[in-house]
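> Sending over a structure as structure tokens; questions will come in a sec.
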Amino acid sequence: MVSAAPRPRVDPAAFPSLGPGQLRPGREVDAIDGIVPQAVITAREPAHVVDAIAEARAKKLGIVTGGGGTMIHIGAP
């Protein structure tokens, strides 16, 4: 049996511009095509988006952007 490599953890310290409650672990309700994201960021400022993209790039993580996520189930995966 081969075990998967551990996923890198998102470090809240890497997002100094985020306030309380803006970075949280992904939950089942956040799943996209059956995959639960490692983390969910609620960006309130453009700088938050820039920080999230830079951190994801540095750790070679994929990101999905979306507004309120209310229509994410529509369309092909």
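The values are calculated or read from the model by the stated rules, or taken from the named source; none is laboratory data. Since this is a predicted model, take the numbers as computed values, not measurements. Areas reflect the complete protein model, heavy atoms only, side chains present, ligands, DNA and RNA absent. Shrake-Rupley method; radii C 1.70, N 1.55, O 1.52, S 1.80 Å.
> List the residues whose amide H sits under 5 Å from the amide H of residue 39, counting only those 5 or more places along or on another chain, with H placed 1.01 Å from N in the peptide plane.
HN-HN under 5 Å from residue 39: 26.
> If I take all pairs of Cα atoms in segment 12-68, what percentage of them are more than 17 Å from each other?
Numbers: 561 of 1596 pairs.
In whole percent, the long-distance tail amounts to 35.
> Under the Karplus relation 6.51 cos²θ - 1.76 cosθ + 1.60, θ = phi - 60°, what is the ordered set of whole-Hz ³J(HN,Hα) values for segment 24-32, x standing for Gly and Pro?
Residue by residue, segment 24-32 yields 9, x, x, 10, 3, 5, 8, 4, 10 Hz.
> Per-residue HN-Hα couplings for segment 37-51, Karplus 6.51 cos²θ - 1.76 cosθ + 1.60 at θ = phi - 60°, whole Hz, x for Gly and Pro?
Per residue, the Karplus-derived 3J(HN,Hα) values read x, 5, 8, 10, 10, 9, 7, 10, 9, x, 4, 5, 5, 4, 4 Hz.
> In addition: Can you send over the solvent-accessible area of residue 44, 1.4 Å probe, protein chains only, in Å² to the nearest 10?
Surface accessible to solvent at residue 44 totals approximately 150 Å².
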